Structure formats: structure tokens, C-alpha cells
Amino acid sequence: MQRPGDHGPSLDPRRWTEVLLQHAFDAVIVLGPDALVTYASPGTERVLGYRPEEIIGQPAPTYWPDSDASELEPVLRDLLAEPGRTVVLTSRAVHKDGRIRVLESYAHNLLDDPEVRGVVINARDVTDRVEAEEERSRTDAQLRQMVALTSEGIWILDDDRRITFANPRAAALFAMGKLEGRNVLEIMGPTGRVALLEHLDRVLAGDHRRDELEIVRLDGTELWVWIASSRLPDDAGTRRVMSIITDVSEVHEAREQRRALQHQMVQAQRLESLGALAGGIAHSFNNLLAVILGNAGLALSQLPPGAPVRDELNDIETAARRAAELTRQMLVYSGRSAIIADTVDMSSLVAEIRELLEVAVARNAKIGYDLDDGLPEVAASADQLHQIVMNLAINASEALDGTGGSITIRTRELAAGKHLFEGAVTAPDGPPSASYVCLDVVDDGMGMTDTTRARMFDPFFSTKFTGRGLGLASVLGIVRGLKGAIRVTTEPGRGTTFCVLLPATSAPRRSEREPATTPNSSTTPRRDAIVLAVDDDAAVRLLVERVLQAEGMTVLTASSGTDAIAIFEQQSRVDLVLIDLTMDGLRGDEALLAMRRTDPHVRAVLMSGYSERYVESDLVGDCVAAFVQKPFDIDELRAVVHDALAER
């Protein structure tokens, strides 16, 4: 098609205009001065659904929604009243099918143009565009609300790591009112900066990162965050990073607590295994020592005062007693030692052994005390508390490594709480006591590495050239036996603190109690007694037989619980059963129960390489007259047997 004036066939201008209007996509409508439609282009049907002849002669407000009339009438009135005026507006119209359409209209008042004499309106249907924009606006509003309300922090950084957007949660995570405009280095302390910068650099380089980082706020508080970051599409060559930041401090703390608990459980199982091994060795060794001590005692009792071998036998007896002390310490470590039922004031005990402590520590070590005089007492024996204090003090002295330094021994009372046993090497089973007496032994020595700390309670372990004994191992055993706990705080170069926690008692303090009285008793030996000695160790049986036969008694022996029951049932009379508890096969207490069914009045003395406290749960009613722990000497054995027979 050629325009007017182009070379070629001429086209009447009116015809040109008609052709344009015929094919125009928009609706072209002309209103007269009375607002009636005087012309409508074919595009009107595409926009409003009406053919031109259906709309011509109709007033323009006919196609307005009723709700919009009050807004559009003043606009139309002002437009009709001012020739030459142009109005651009977006309004709604009612389509022939009843739908509401959104029109973008350009209206020009040409009433003073003699060739037009009307208001020319060019209307375009923009409903789809407007609805898309409204949907986008709603979506944007929802996204903004979600970003504002989410529990995760969200920020966007530019290439210089400057924050261009941050939601309220991100600002709260860093304890700041506003983050926009700040560099990330300005919103946190030194800790964590390197890791965060490395994270962001890798994202800016195109990597997608998810990392758990430790952050220290400017106020000094710490938090752990999970940060997931991606690089946003480049905008005019600018690199940007969007991050989602989640506070995982509680999760991290719970994970660390779980790891610590798992480590503590592994350590406890390891110590329990070592304790079981030590206890088993000590029990077996005690049988051997009972034979050595007993036979040495028998030999000495049969020699004249000036016999040449008395010195050698005395040396054997002394060495055996030292070995017995070592097995006692092994039983302490295993938690199977004898605990004398008593109550002790920890502060008083420490004060009583101050001179001994001064001698035990290195000469160039300064030892100080901070003792609470009003402490409740603890249920323990003085000997074992003495052993705890001395071993911890000696350990602290050795930690000073001969260079001098200070040791502080402190006592105090602590209320039970959920954090009291946090990080404890050993802690009591079952419900805790209401309060605990705490013994702190603090040194400013070399501290311990993680490797040393993991093995510090192992028997015979030492950081010195060779192991020195059961010092800390016995402390652990005593504390476990007393249902206490041990906490250790240490760091290389910063010293070590041992905190021993023992349950406080509600019993009156020793100074408030009446002095105990010791009853006087005398025992007349019975020379005609029949004793059944039961032990699976032949040497122990032979020793008991020799000692008691020397006392004029008749001794029957059995190597097992089953044999003992058979012998007991065959005898018309057995005055006393001397039986080992931990035999192979039928245990001593089980055999004793069977004997009791034959004779309810049977009397027994129990023997064991373990302590009485450990085997107490296995005692059989009131038929047990006494307990004797191996190794025993012949005088102890005689006294126990005579006392048991005297009670019959």
C-alpha cells in the first residue's frame, strides 16, 4: 500500500484514513458534544465485543462499570468542556460478554475542528498486561513479606562485599539495627572473618557454597551459622551474592554435647574395662599373697626366736604386705575396694595433713589453701580421702616440672544442677545428691595435651620417663566407689584444675556428735570345732587347714561349691563353713544357700579377693558371721574364726 504523495497510483486521503481505521487493532471512538458515540471503528468489536453499529448513538457511560461512574464522569465532563485538551487514562469497561476489561485510552478534544467536531478516543485493551503486573506485584509483596518474616537471615552483597539488601532477621543475627550499606567486615569481630571471606570469594568466583561458620558479633557474643550462598546473574557486569543464613548455635551446641557425651561414654567404658582387668588381676593375686603371707606366718610361728632364717621370712612377709597394698590400690581403681562407713570433714582432713603435703610437693612449689570451715561432711573413710588429696597434690607438684609455681587446694560446697557434671570424667549413676563437697587442686604448671588427658587415669601411665604407680587411677577408683565425680580443666601452658565432687551428707558434723564407745569383748578359742574350708585354690585350702589344725580344730576341705554341699550333707555336724565367694562353677553364696536348706542355723565366714563392700549384695541373710578379705595373715584368720565360733 502506498501513502498519499508517494509515486504511483494516488489514494484519496479519506479512503486512506478509512483503510487505517478498518485494520487498526485498537478501538477508535468519536463522541459528540453530548457524549454520544458518533463513530466507532471496526476495532471496537475486538476491544469491547460490540460491532460499530451497535455502539453508535449510545452514551459513553453505558459501557462503564457502575462502580466507576463517579470517578469517570468528572473526567469526561472536563474533557468535553475544553476543546484541544488531551487526556490519557487507564479505566475499566464492560465487555459485551459481561467481562470487565481494562482499557488504556488516549482522548483528544477536537470539537472545534470543523472536519471532526468530536472527542476522538483511541482505546487499547491492556487487561492481560495489567493483570500480569498485579500478579507480579502480589507475588513481590508476598516474597517481601516472606523475606521479612523468615527465620533465616537473607542478604545480598555487591562485588566489594558491601550489603545492598538485608532482611530484619539478618540484622538481628548480627545484633545490629541496619546492615545495608555496610561491608561484612564491619558487622563482625575478627573470629570467623577469614572463613566468611573465603566463602564469599569462592561464591563470587562462580561456586555455590554451603558452610558452617563460627561468627563473633561486635558485642562479643558468639554464634554458629549455616550459610548457603549463590552468585546472582550479572547485572551490567556487576557480580552479586545472595546468602541465606541460619542460626545453628543450638544445633551445634547439641552436636558438641553429643560428641562430648559419646567421648565420655567411650572413656567410661574404657576405664570400666581397665577397672575390671585390674580387679580380676588383684583378686587372683590376692589368693597368691594369702598363701605367701600365711605360710610365712606359719613358718615364723614354728621357729625359735634366734633361728637363722627368721630374717629372710620377715623379708618375705614384708614384701608380701607391700604387694598386698598394691593389689588394694588396684581394687580401689576397679571400684571394688573396701569403703569404711564413716563421715569426714574434708576441710579438717586437709588441714590435718598440711605438714605432710608440704613435704610431699616439690621444694620450690608454693602451696596455698582456701578451705571452707562450714562444709557438710562426706560419707567416706579418712584414709581414702587422704589418698585422694595426696595423689592430686603430688600430681600437681609434678606438673610444675621442677620449675617452681603454685598449687592451691580449695574446698567448697556446690548445689547439684544439670551442668554440675558437664565434662566430668566419671559421674554418679542415678539421682544426684542435693549438694556436693568439692575439692579443687589447682596448679599453674604445664597443663595437659589432649593425648595426655585421654590417658591420665590409666594405671601406671605417666608423662615422666617411666610410670610411677596408680596415683590418679586410684583417685578415680575411690571417687567412683563413693558415687562422686571428677572434672578436669586443663590447657597446655595454662595449668590444670582437678575438681573432685563427693556427695554431701545430712549427718551431724563430727564435732556435734557424741563420742563413740568401743565394746570390750573376749573370745575363748574352741579346740573341738569342725570347720569346712571351701576354696578352688589348693594352696589356700592347705594354708587354712594348717592354721586351723594348729588350733586343734578338725578341718574338712572342698575344692568347689558342689563338693562342699555334698560334704556338708554327709556330716552330722559342721560348726563353721569358711567359703570363698568367687569360685569357678557354683559360687560360694549359692553353695551356702543350699547348705542353709539342710541346716538353717549354719554359720559361715566368707572369703574373697574383693572387698566386703563389693560382695555385700551377695551375703546370705544372718548366717554370715564375718568376712575376711584376702590376703590375710594367720592371726587375722584365727581371730575371725574364733569370733564366729564364739557366736554360735
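The values are calculated or read from the model by the stated rules, or taken from the named source; none is laboratory data. Here the structure is a predicted model, which is why all the values come from computation and not from measurement. Glycine also receives a Cβ, built like all others from the backbone with ideal geometry; neighbour counts cover every protein chain displayed. Just the protein is used for accessible areas: all its heavy atoms, side chains included, with ligands, DNA and RNA removed. Shrake-Rupley method; radii C 1.70, N 1.55, O 1.52, S 1.80 Å.
Going by what's in this entry, would VAL116 be described as more than 16 Å from TYR39 (Cβ to Cβ), over 40 Å from the mean Cα position of the chain (by Cα) and among the hydrophobic types (A, V, I, L, M, F, W, C)? In short, no.
Condition (residue is touching a helix residue (DSSP H, G or I) at 6+ places or on another chain (Cβ under 8 Å), open to solvent by 40 Å² or more (accessible area, probe 1.4 Å), more than 18 Å from VAL120 (Cβ to Cβ) and part of a loop (DSSP other than H, G, I, E, B)) applied to segment 94-105: is it met by at least one residue? Among the residues of segment 94-105, at least one is touching a helix residue (DSSP H, G or I) at 6+ places or on another chain (Cβ under 8 Å), open to solvent by 40 Å² or more (accessible area, probe 1.4 Å), more than 18 Å from VAL120 (Cβ to Cβ) and part of a loop (DSSP other than H, G, I, E, B), which makes the answer yes.
Here's the yes/no breakdown for (1) in contact (Cβ under 8 Å) with a residue 24 or more places away in the chain; (2) at positive phi; (3) touching a His at 6+ places or on another chain (Cβ under 6 Å); (4) in a loop (DSSP other than H, G, I, E, B):
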| position | (1), (2), (3), (4) |
| --- | --- |
| TYR50 | yes, no, no, yes |
| GLU53 | no, no, no, no |
| GLY57 | no, yes, no, yes |
| THR62 | no, no, no, no |
| SER70 | no, no, no, no |
| GLU73 | no, no, no, no |
| ARG77 | no, no, no, no |
| LEU80 | yes, no, no, no |
| GLY84 | yes, yes, no, yes |
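If you go through segment 281-306 and keep only what is open to solvent by 70 Å² or more (accessible area, probe 1.4 Å), touching a helix residue (DSSP H, G or I) at 6+ places or on another chain (Cβ under 7 Å) and closer than 13 Å to ARG321 by Cα, you end up with PHE285, ILE292. Hey, any hits in segment 131-139 for a residue that's open to solvent by less than 100 Å² (accessible area, probe 1.4 Å) and either assigned to a loop (DSSP other than H, G, I, E, B) or in contact with a Pro (Cβ under 6 Å, 6 or more places away or on another chain) (or both)? Looking for residues that are open to solvent by less than 100 Å² (accessible area, probe 1.4 Å) and either assigned to a loop (DSSP other than H, G, I, E, B) or in contact with a Pro (Cβ under 6 Å, 6 or more places away or on another chain) (or both), one finds none in segment 131-139, hence no.
Condition check for ASP34 on (1) in contact with a Pro (Cβ under 9 Å, 6 or more places away or on another chain); (2) assigned to a strand (DSSP E or B); (3) not hydrophobic (A, V, I, L, M, F, W, C): one failure, at (2). Considering segment 214-230 alone, what residues qualify as being modelled with pLDDT under 90 and either among the acidic types (Asp, Glu) or surrounded by 15 or more Cβ atoms within 10 Å (Cβ to Cβ) (or both)? Of everything in segment 214-230, those that are modelled with pLDDT under 90 and either among the acidic types (Asp, Glu) or surrounded by 15 or more Cβ atoms within 10 Å (Cβ to Cβ) (or both) turn out to be GLU214, ILE215, VAL216, ARG217, ASP219, GLU222, LEU223. Residue pairs whose Cβ atoms lie under 9 Å apart, separated by 6 or more positions or on different chains, with the first residue in segment 185-208 and closer than 25 Å to THR221 by Cα and the second open to solvent by less than 80 Å² (accessible area, probe 1.4 Å) and among the aromatic types (Phe, Trp, Tyr), are ILE187/PHE174; MET188/PHE174.
The set of residues from segment 163-187 being buried (at least 19 other Cβ atoms within 10 Å of the Cβ), in a loop (DSSP other than H, G, I, E, B) and of a type outside the set (S, T, N, Q) comprises PHE174, LEU179, ILE187.
Residue-wise test of (1) assigned to a loop (DSSP other than H, G, I, E, B); (2) modelled with pLDDT under 75; (3) within 25 Å of ASP383 (Cβ to Cβ).
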| residue | (1), (2), (3) |
| --- | --- |
| LEU288 | no, no, yes |
| GLU312 | no, no, no |
| ALA323 | no, yes, yes |
| THR327 | no, yes, yes |
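Filtering segment 356-379 to residues that are in a loop (DSSP other than H, G, I, E, B) and modelled with pLDDT under 85 leaves VAL361, ALA362, ARG363, ASN364.
Taking segment 451-476 as the range and being within 25 Å of the chain's Cα centre (by Cα) and modelled with pLDDT of 80 or more as the test, only LEU476 passes. Residue count for segment 62-93 under the criterion of being crowded, with 16+ Cβ neighbours inside 10 Å, hydroxyl-bearing (Ser, Thr, Tyr) and more than 17 Å from GLY32 (Cα to Cα): the result is 1.
Quick check, is VAL378 surrounded by 13 or more Cβ atoms within 10 Å (Cβ to Cβ) and within 16 Å of GLU413 (Cβ to Cβ)?
Working: surrounded by 13 or more Cβ atoms within 10 Å (Cβ to Cβ): yes; within 16 Å of GLU413 (Cβ to Cβ): yes.
Considered against the rule, which asks whether it is surrounded by 13 or more Cβ atoms within 10 Å (Cβ to Cβ) and within 16 Å of GLU413 (Cβ to Cβ), VAL378 comes out as yes.
Within segment 493-538, which residues are β-branched (Val, Ile, Thr), within 30 Å of ALA379 (Cα to Cα) and at pLDDT 85 or above? Residues satisfying the conditions are THR496, THR497, VAL500, THR505.
Inside segment 106-130, residues that are open to solvent by less than 30 Å² (accessible area, probe 1.4 Å), closer than 14 Å to LEU31 by Cβ and not in a strand (DSSP E or B) make up a count of 0.
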